[in-house]
1. I want to confirm something. Restricting to the range A:309-324 and keeping residues that are touching a strand residue (DSSP E or B) at 6+ places or on another chain (Cβ under 8 Å) and in contact (Cβ under 8 Å) with a residue 60 or more places away in the chain, which single residue is nearest to the other protein chains (Cβ to nearest Cβ)?
2. Considering only the range A:247-264, how many residues are away from every other protein chain (no Cβ under 14 Å) and surrounded by fewer than 16 Cβ atoms within 10 Å (Cβ to Cβ)?
3. Given (1) more than 19 Å from the chain's Cα centre (by Cα); (2) within 22 Å of residue A:236 (Cα to Cα), identify the lone condition not met by residue A:331.
4. Sort through A:276, A:298, A:306 and tell me the only one that's more than 10 Å from chain B (Cβ to nearest Cβ) and either under 23 Å from the mean Cα position of the chain (by Cα) or over 29 Å from residue A:155 (Cβ atoms) (or both).
5. Can you tell me which residue in the range A:387-416 is farthest from the other protein chains (Cβ to nearest Cβ), limited to those that are in a helix (DSSP H, G or I) and surrounded by 15 or more Cβ atoms within 10 Å (Cβ to Cβ)?
6. Looking at the range B:11-28 only, could you name the residues that are in contact with a helix residue (DSSP H, G or I) (Cβ under 8 Å, 6 or more places away or on another chain) and within 9 Å of chain A (Cβ to nearest Cβ)?
7. Test residue B:74 against the stated conditions and say whether it is more than 27 Å from residue A:398 (Cα to Cα) and either within 12 Å of another protein chain (Cβ to nearest Cβ) or surrounded by 15 or more Cβ atoms within 10 Å (Cβ to Cβ) (or both).
8. Is it the case that some residue within the range B:46-53 is in contact with a strand residue (DSSP E or B) (Cβ under 8 Å, 6 or more places away or on another chain) and under 14 Å from residue B:83 (Cα atoms)?
């Protein structure tokens, strides 16, 4: 069923009784052309573009929990393409362009809101770094504006501009960045993929990968063996666990990242703001809650919950930036498991095992990449060749030295 | 994750006093080891779901390097030993 203002109206008049489920709950077939492990944003987007753009419709997405139970429903909903390095930026810009047309494309209201992102700077050195980043963004057609202190003050008057240690000197504005309702992204992609014939199988955990003569032939699951021609892994924080079933050791550590939402407030912050003197980023949801987050906790973790010390640190950074936050109450906090790669950039590549494809290493930047990740992964699976914007995301780049280290901190995942 | 780490030298101390330096189960290869071995040491990780050994530096305390053995699923801390002792034990074993 196509959603439209008319369909809303007719169904509303009929007491909202005639809605059909947005996607089916099929029993798995014995064999598929492509199996995608992981029904999160990236897995579902991959299935959607495989079936819609690349014409491969005999596809199953296997999700061990329920749809949207992983990182797609655990992030701070920010989308942006303000990257510096040439290996990254065209990819994230493709993602931004896909976000811009996404709702019309998959006929679902994902509340894409390009409300702008301001990265604050607090020193001359930081201004230079942001000027450089802004110039890179301009060259790649993303668009960027360097704001001085007064311009930032007009936009966001409630911040602590005269902080003795970290005065706000200005900011880099990325106007096309913003927020998207994250769980609607999962539902929209699931519905779109399902309408093109993809089977989305929830509560189906992959427990083994079957190989014959070195080639992957299928997966053992909690619902029995399912055969496939090609196996695509998009398991985010559990990438290591799934890849291990095929004997593949990854350049990835799993870490926990927390996010928070406050009680509902009147309209207060109309863009996304990031603090330059600590790791803190905040936006306000349409319900009024402030959605914010900070750094990962710093230790390896597969538990979807974090440490109070990090909560305190995030709150301190927030109050240092916006003093009036000190009396705001936090309503909820949650943790998600990040697949932190060794250079802070993702992997979309074939593996040395035939028929096995890998999409992993998103660190804590996976949400904004969802459309492009799905598109490029689908391209790789369908054509067996990387998409032009994702050529740099190779699995062997750690061996060849072609790292994409945006932050320049080296092979230490908890610093990326 | 427990908010307190029991340092063998300082006793129970808050987690914020430590900085974390990743996997303690790796063994540094010989300087002339081949590129593949070095690649595995620098970049590849077991990333275990369950028991995991990690280097923690007690930066705001005794400044000793420690090996913390934890469970990455439950966040239970099994043991904390001085890294020098841990290396000695491993060498003996």
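The values are calculated or read from the model by the stated rules, or taken from the named source; none is laboratory data. Quick caveat, the model's predicted, so the values are computed rather than measured. Glycine also receives a Cβ, built like all others from the backbone with ideal geometry; neighbour counts cover every protein chain displayed.
1. Among them, the one singled out is A:321.
2. The qualifying residues number 2.
3. If we test residue A:331 against (1) more than 19 Å from the chain's Cα centre (by Cα); (2) within 22 Å of residue A:236 (Cα to Cα), just (2) comes out false.
4. Result of the check over A:276, A:298, A:306: A:276.
5. Ranking the qualifying residues of the range A:387-416, first place goes to A:389.
6. Across the range B:11-28, the qualifying residues are B:14, B:15, B:16, B:20, B:22.
7. For residue B:74, the condition - more than 27 Å from residue A:398 (Cα to Cα) and either within 12 Å of another protein chain (Cβ to nearest Cβ) or surrounded by 15 or more Cβ atoms within 10 Å (Cβ to Cβ) (or both) - is met.
8. Yes, the range B:46-53 contains at least one residue that is in contact with a strand residue (DSSP E or B) (Cβ under 8 Å, 6 or more places away or on another chain) and under 14 Å from residue B:83 (Cα atoms).
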